[in-house]
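Let me begin by presenting the structure, written as structure tokens, before commenting on it.
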Amino acid sequence: MKTILIPIALLAGIFTFAQTEKDTIKTNEKEIEGVTVTVRKPTVESKVDRTVFNVANSSILAGNTTWDVLRMTPLVSIDNNDAIKAEGESVTVYINDRKSVFTGKELKEYLKTIPADNLMKIEVITSPSSRYEATGTVINIVLKKRDDEGMKGSITLNNRQNTKNSQYTNFNLNYHKKNFTQTLIGSYSDNTYVQKNSSFYTWYDDNSTNQIDSYMIGRSKSPSVSSTSEFEIDNKNTVGVILEYYQSNSTSNSEADRKDFINNIFDSSYEQNQNSIGLNRNLGTNIFYKWYDKEKNKILDVNLGTNYYGQSEDSYFINNIFSVADGSSTKDLGVITDTENRNYYAKIDYTQPLGKSGASFEVGGKVNFNNNVIPNNLYGSMLSGLSSNDVFHYEDQITSLYANYSRTFFKKLETRIGLRYEYIDYRIRQDIGGASRKDGYGSFLPNILVKYTFSDKYDLSLTYNRNIWRPWYAEFNPFMTPNTDGIYSRGNIELNPNPSDRLYMKLGILKKYFISARYMFTDQDYWTDYLKENILVDGKEKTINITQPSNFTGKVHKYYLYANTNQTFFKNKFTVNLGLGWYYIDNSDFNAKNGIKSNAYISYLSASTNLSYTNLFNKNINLSAWVEISNQNNGNSTTNRANVFHNISATKIFPKTQMEVSLQLMNIFQRPNYDATTYNQQGFVRSSSKWDWYGASISFVKRFGNQKVKENTKTDVEKNGGGGK
């Protein structure tokens, strides 16, 4: 810990020393303009329903992608499986108020193609209104919009040295002429990464254990391009088209060693080598129409869109098996997957004020269609007891309607009442295995927000909302496939949705200090289950380990406390954001009903800070640092040790040539190492991973044209409505 605090203390010392010089800005007009933008917006804003991370024109953007900045966002953490969580819970990600079609590792790869230089802000919406689709917390990534005349843009070149070397480049072009705006963004990354994993399984029934160690080297080449065309028909009507294409061509090689023991006596072992190749493609389109009466603050927003996602992957395993009973043998197994997902949607939103009271009313709806197909084929000499091929189909239609009413009373009491109704009709089937399911259900999801401002120094807000979290389509697929560590995995066609109720309270003090508390309750969930099953291999029974998501019943109570402050010093040049969170889960009823032999209580602790200094020594040098300490507990897993993440960067700006050079140091004092134990009915597993997120990177940026920007998603109605956004 001392090694982490030392560089932060040094940075703070440099910041203080910088102010001993005369603080007179002798720069040209562009330099003064950049400083003014920094003064106008605090780095972190804590609002009634969200925390806003304002990163536009911040040194934190230099040399980073959107994925990197998301890691450094207050309230957000990312675990070793690249799952994004806010306040310890899963989230839904929006980009410019459009729900992303990606999750998990696919979302990570996509966000890595969006240069951080395009970011305006990241909103962590802890109490989303009924406008948002059925989730818990929402993360909305807001990109910049350039609408000044002429052509402008930037080119970025980045080289990053982790265990292996990676390169990243992107270009941004923007053209605005009278009523027409065209934006074109392209990127290309060539990333090489290394990961080490270790797992130790303990099973109750036969007192057996499995020790598995693996080492993987992967490489991905990912081009992407996006185009946004927007035309203002007149001062009220705007139409536009958004086109997005993303591709990832990946290869990976891994080696795994496994040893099996029964009653601490050696039984068998094997070595597994795996080679994988994969090609992912995503094409998204969105046609939108917006009518905005600025005088009456009325808005009509219509969106029509499609998304196509295709994945072609071939993994080949070679196993050298050593058994006490059967001697040694060499077998192989290949997996071919060719996934095609099609999504179609139509969405309409309307907002208008009501009377002279300052109230506003919002109503809207969305129809969403999904048609997903996952064919799997196995080949090789290890097919005994396994289904060699099948095609999984998932189709659904989700229809949703919502309404929000907002009003402020006595100039002190802000209120928002909302109701969302969703109905889903879905069909699941396997062509060969024969498993099928057809189901449908509707859900009413109320939402209430109340905020009372005692004075300009104190305010208190309270929100309640009901949520429903649905399984991801691939989690239903029951086809069993091998993993890199020798464990098999499959989905569960019988998964059910997970509803929950949330109560959230936030206290604001002096507009700088915020204390929040949350309570969440659910009586059913689905978590990762570990199973041991017997299959026939060459006429003999063989026991294999399987992971799958499973339904669990039982009451779970979650309690959360968080404190945050955002401070500025030295004429708003030095910004400090500090957050401390504690998360407590009572699983006693859940564990008792499901026979899980683990501690019934889980604590989650996190602390993070963002430091930034603008225009050091009046030499156009920007510094930033970020540190997070967390144990990242969740679900039925408890972390064995806290993790420390940190990032330090320095950027030198050359105003005359519009160039920037950035140096970034990532986790150089302590490399991230995830270590957690997961409990289930059959036993428990302790897993550890050594991440490749450490090292250094250097980035060069060349800008051209006028670089003025403005926010592109929030309207006057949304800013001023009760419970405000």
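The values are calculated or read from the model by the stated rules, or taken from the named source; none is laboratory data. Predicted model only: the values in this text are computed from it and were never measured. Here Cβ is always computed from backbone atoms with ideal geometry, including for glycine, and neighbour counts include all displayed protein chains.
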Residue match in the stretch 513-535 (condition: assigned to a loop (DSSP other than H, G, I, E, B) and either over 30 Å from Ile432 (Cα atoms) or more than 27 Å from the chain's Cα centre (by Cα) (or both)): no
Scan of the stretch 291-313 for residues that are buried (at least 17 other Cβ atoms within 10 Å of the Cβ) and not in a strand (DSSP E or B), ordered by number: Asn297
Residue within the stretch 388-396 that is surrounded by 16 or more Cβ atoms within 10 Å (Cβ to Cβ), in contact with a Pro (Cβ under 8 Å, 6 or more places away or on another chain), among the aliphatic types (A, V, I, L, M) and more than 24 Å from Ser127 (Cα to Cα) present: yes
So Pro549, is it more than 30 Å from Glu45 (Cβ to Cβ), in contact with a Lys or Arg (Cβ under 8 Å, 6 or more places away or on another chain) and either in a strand (DSSP E or B) or of a type in the set (Lys, Arg) (or both): no
From Ile122, Ile141, residue being crowded, with 21+ Cβ neighbours inside 10 Å, of a type in the set (A, V, I, L, M) and within 20 Å of Asn307 (Cα to Cα): Ile141
Residues satisfying the stated conditions in the stretch 652-682, i.e. part of a strand (DSSP E or B), at pLDDT 90 or above and within 26 Å of the chain's Cα centre (by Cα): Ser662, Leu663, Gln664, Leu665, Met666
Top-ranked residue in the stretch 314-352 [being closer than 24 Å to Lys540 by Cα and hydrophobic (A, V, I, L, M, F, W, C); ranked as surrounded by the fewest Cβ atoms within 10 Å (Cβ to Cβ)]: Ala325
Subset of the stretch 487-514 (residues that are modelled with pLDDT under 90 and closer than 26 Å to Gly310 by Cα): Ile487, Tyr488
Selected residue (criterion: surrounded by the fewest Cβ atoms within 10 Å (Cβ to Cβ)) from residues of the stretch 596-615 that are among the small types (Gly, Ala, Ser) and assigned to a strand (DSSP E or B): Ser603
Filtered residues of the stretch 76-100 (kept if at pLDDT below 80, in a loop (DSSP other than H, G, I, E, B) and surrounded by fewer than 21 Cβ atoms within 10 Å (Cβ to Cβ)): Asp79, Asn80, Asn81, Asp82, Ala83
Candidate set from the stretch 519-531 (those that are in contact (Cβ under 8 Å) with a residue 40 or more places away in the chain and farther than 18 Å from Gly491 by Cβ); member that is surrounded by the fewest Cβ atoms within 10 Å (Cβ to Cβ): Tyr519
